[in-house]
Amino acid sequence: MAAKKFDIIVFGATGFTGKHCVKELAEVWDENPDLKWAVAGRSMEKLRSVVDWAAEKSGRDLKQVEYVCADIQDDASLNSMCQQGKLILNLVGPYHFYAMPVIQACVKNKCHHIDISGEIQFLERLQLEYHEKAKEAGIYMVESCGFDSIPADMGVIYAKKMFPGILNSVESYLSSKSGPEGSKFNFGTLNSGMNVVSHFREIQAIRNKLHPTPLPTYKPKLKVKNRVFYSDFCERWSVVFSGSDVPNVERSQRYLYEKENQRPIQYAAYATEKSLAVLLGIILVVVNLAIFAFFRCGRKLIEKYPGAFTFGAFSHEGPSDAQMAGTSFNFKFRGRGFSSEAVEKTEKEDMEIITQVDGPEMAYVATPIVMVQSALTILQEADKLPERGGVYTPAAAFYKTTLIDRCHQHGVKFSVTKPAYKL
Ligand SMILES: NC(=O)c1ccc[n+]([C@@H]2O[C@H](COP(=O)([O-])OP(=O)(O)OC[C@H]3O[C@@H](n4cnc5c(N)ncnc54)[C@H](OP(=O)(O)O)[C@@H]3O)[C@@H](O)[C@H]2O)c1
């Protein structure tokens, strides 16, 4: 890659997630003192106040941080940004509406790109249309490097690494904890979620082109529980978690099967709550949101009154510091497989492992941690990345790297709860 002025440019630094990403980069700068980075956005004034805010919150001197003016509606500004940066951390969402001009500028100017999107149509279309172009340009575009989907995707890789036999299936159970002030999310996340719903019809056509041949069936087949159920495993009420984690893990496992000849791990994801009433309430809110999000006027109403539609869970102001400090997440993984190749032939799982990924508030604390560590991994471990560029899910890009250790050291922790044992 030609010499560039900055290693990392945070684009969308003025957004709620963006400013927390700037703070995270400020905090890891001590460990990477040679790192040259800049913030980018469409308002210089807003960018300056974000850097001042991050300097105060992190207690770091950020006078050396530079500013890049870039607007999605101005291709020249995007090209100029990508000419100056080796890697763009892109936090301008919804990605369906805003990301393609940035992607094109990255390809044209040979600049790596990291997103934190959970919008499956955008993610799979990006892989379909840009994998070869990114490879030709010699750049990496790694998708979903936030809470969606590093804990799930790398969590499956971690379970596989810790399993002494042949792993066949993994179930994950996600729970979150709030402090006395409760948890809240910024409207940006809800906006992207609404976009997934309103474009859900597009996904099958994209998938048919992306993966024209199905994966072979491996047995025993993992049964997905399509109902609300009490899980004795995590002692909580559980329901299928229909975010981008499952499709992302499936794409990673397909990549590892097709390129590395590894047995694909079947995966099912569940969200959990202690109280059945709370879980049923959440399901009701999600169904209601999905119905409204399907119509343009419904989306306008949600945008105007996000709190009213979500019992205050989403707002245009985002969570307070106290709400973020009191919130944390935990992913429990139950992996099952075979203790030997001989047992694999019987198609009966005889061994189980329990692992977990846990960390701080997911959207604005854990996401910046794993996003920044993903960027550093691309810049510092190029020899462990696949092929010579392309569009990848996190596990496809990072399975040979030290990303899990890096995240662990920075607070998103991967651990074995119960080492593998015979069933
Ligand atoms: N994977 C995860 O777990 C995770 C977690 C958090 C967020 N996210 C995703 O991250 C994205 C951002 O979320 P957020 O809550 O931070 O949203 P946000 O606060 O609304 O921030 C949006 C950012 O986009 C910028 N922007 C909008 N239009 C632009 C344009 N024409 N040119 C340049 N910049 C423009 C905004 O700049 P201005 O300030 O100038 O308006 C702002 O910096 C969403 O897609 C969300 O779903 C994912």
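The values are calculated or read from the model by the stated rules, or taken from the named source; none is laboratory data. Quick caveat, the model's predicted, so the values are computed rather than measured. Virtual Cβ from ideal backbone geometry, glycine too; neighbours counted across all protein chains shown. Just the protein is used for accessible areas: all its heavy atoms, side chains included, with ligands, DNA and RNA removed. Shrake-Rupley method; radii C 1.70, N 1.55, O 1.52, S 1.80 Å.
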When every residue in the range 385-423 that is in a helix (DSSP H, G or I) and touching a residue at least 40 places away in the same chain (Cβ under 8 Å) is compared, the one farthest from E31 (Cα to Cα) is A396
Considering the range 146-168, residues that are under 30 Å from R201 (Cβ atoms) and either over 20 Å from the mean Cα position of the chain (by Cα) or part of a strand (DSSP E or B) (or both), and then whichever is nearest to the ligand (Cβ to nearest atom), we arrive at G146
Over the range 340-384, the set of residues part of a strand (DSSP E or B) and open to solvent by 30 Å² or more (accessible area, probe 1.4 Å) is Q356, D358, P360
Quick count over the range 169-183, residues being outside any strand (DSSP E or B) and crowded, with 22+ Cβ neighbours inside 10 Å, is 0
Within the range 4-45, the residues that are hydroxyl-bearing (S, T, Y) and touching a helix residue (DSSP H, G or I) at 6+ places or on another chain (Cβ under 7 Å) are T14, T17
The range 186-292: helices (runs of 4 or more DSSP H) wholly inside it with 1 or more residues that are farther than 30 Å from I166 by Cβ and under 17 Å from the mean Cα position of the chain (by Cα) are 187-198
Restricting the range 65-81 to residues that are among the hydrophobic types (A, V, I, L, M, F, W, C) and surrounded by 14 or more Cβ atoms within 10 Å (Cβ to Cβ), the one farthest from G41 (Cα to Cα) turns out to be V65
Within the range 124-149, the residues that are of a type in the set (A, V, I, L, M, F, W, C), crowded, with 22+ Cβ neighbours inside 10 Å and over 20 Å from Q373 (Cα atoms) are L126, A134
Check your understanding: Does F187 qualify as being closer than 22 Å to G41 by Cα, aromatic (F, W, Y) and either surrounded by 20 or more Cβ atoms within 10 Å (Cβ to Cβ) or within 12 Å of the ligand (Cβ to nearest atom) (or both)?
Key -> yes
